[in-house]
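All of the numbers you see were taken from the coordinates with simple rules; none came from a lab. Note that this is a predicted model, so its numbers are computed, not measured. Here the Cβ positions follow ideal geometry from the backbone for every residue, glycine too, while neighbour counts run over all protein chains shown.
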């Protein structure tokens, strides 16, 4: 074999093996559990980026087909084909997930939920999933007025802040109060900016609020901070273009726990809807039956938040669990979680759904089987679009 042909043979084989091995190694995170936090990021991101994963697999297959020969081509094509099968898993599950989600929405809001809108508010998506949105992102047309760091006095004399995202039209508007996640330990209200803007473009006044963090501040400080923010919003409702009789609570992860707790108790605002993404709703159960594997060390997080294990702080675990606050007459609830969540087991959301229905409360629980915790951190991903679609329709039907 001439030297030039030998070089092409070797380089082509290496390229095929590297490309095929890389896409297969990445796409395995569509089905593999993540043992560590760095790998958890891959397990969250890879299933949500389906079009890009498919494109990468096809590119790897093309490299193997045209640049390699012999056994290197065979191995490269096999790896690319296996990776492509994994990359297609979310799309294969999507039709059944949409059908199940529609059933849940009708079960929670009635068969005509899509026609129950109190306002002719637009929605971002015309369907639960759109490949064009996955590739190009959401349209961001529409002016949003933003006011930042508005004061929130707390009951212990401290001062927190909130950010206001307003539609351009004259108010008052129904409001969506947005609470960020972060294991009650880290994060800030700036994390809520993107979703708050999306709500404001739909005609809601979106309010991103803050709370103090564990372990320096333990429960119920975080819930008290949310209560104080609600009190400040009620006191300033006319100036902040908020209709205090039409308010929804929205939270992610730790923020979802706080959102549900605040929605399930009397307060200064009329909470008409509660939305929780991958919400920890049973803290005692979460401690006793942690996920396996447990990349974030759930028990350590709960001890930091509540002061220790449930054997020593049973009342705090009960008071911090939305599942233990169920009673008749609660506002409609939307729960959305990932079937592969490795921080909050989806079974707890099902327990909350069943308990709410047992008490005659309206609830819809949407499962996204391919998604992990914080899947909507890729907002135009497969699970992110699905969650946004049903969240917008839930708000339209309840506010």
If one compares the long axis through the Cα atoms of helix 254-263 with the longest principal axis of the Cα atoms of the chain, the angle in degrees, nearest 10, works out at 30
So between residue 55 and residue 14, what do we pick up on full extension, going 0.36 nm a residue minus the alpha carbon distance?
12.8 nm
Sorted by average packing, counted as other Cβ atoms within 10 angstrom per residue and highest first, what order do 284-293, 247-256 take?
247-256, 284-293
For an R0 of 45 angstrom, estimate the FRET efficiency from the Cβ-Cβ distance between residue 319 and residue 82 and round to the nearest 0.05.
0.40
Arrange the following residues from fewest to most other Cβ atoms within 10 Å of their Cβ: 198, 315.
315, 198
Compute the acute angle (0 to 90°) between the alpha-carbon long axis of helix 89-109 and the principal axis of greatest extent of the alpha-carbon atoms of the chain; round to the nearest 10°.
20
Highest-fluctuation residue, 301, 143, 179 considered, GNM on the chain with Cα pairs under 10 Å:
143
Rank the residues 393, 145 as a footprinting-exposure proxy: fewest other Cβ atoms within 10 Å of their Cβ go first.
145, 393
For the chain, modelled as a GNM with alpha-carbon contacts under 10 angstrom, which of 197, 147, 272 fluctuates the most?
147
Translational D in µm²/s for the range 209-271 (Stokes-Einstein at 4 °C, 1.567 mPa s, Kirkwood Rh from C-alpha pairs):
107
Return the FRET efficiency for the residue pair residue 212, residue 28: r is the Cβ-Cβ distance, R0 is 45 Å, and the value is rounded to the nearest 0.05.
0.70
Subtracting the Cα-Cα distance from 0.36 nm times the residue separation, let me have the gained length for residue 74 to residue 37 in nm, one decimal.
9.9 nm
Extension reserve of the residue 145-residue 358 stretch, reckoned as 0.36 nm per residue once the Cα distance is removed:
72.5 nm
Could you give the angle, 0 to 90 degrees to the nearest 10, between helix 50-67's Cα long axis and the longest principal axis of the Cα atoms of the chain?
10
Of all beta bridges DSSP finds with both residues in the chain, what is the antiparallel percent, to the nearest 5?
30
Among 346, 17, 302: highest mean-square fluctuation, GNM of the chain, C-alpha pairs under 10 Å:
17
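Sorting check: for 49-57, 63-71, which peptide has the highest mean count of neighbouring beta carbons within 10 Å, and how do the rest follow?
For the peptides 49-57, 63-71, the packing ranking is 49-57, 63-71.
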What would the Debye formula give as log10 I(q)/I(0) at q = 0.08 Å⁻¹ for the alpha-carbon point model of the range 95-398, no solvent?
-0.31
If we count other beta carbons within 10 Å of each Cβ, what is the order of 366, 336, fewest first?
366, 336
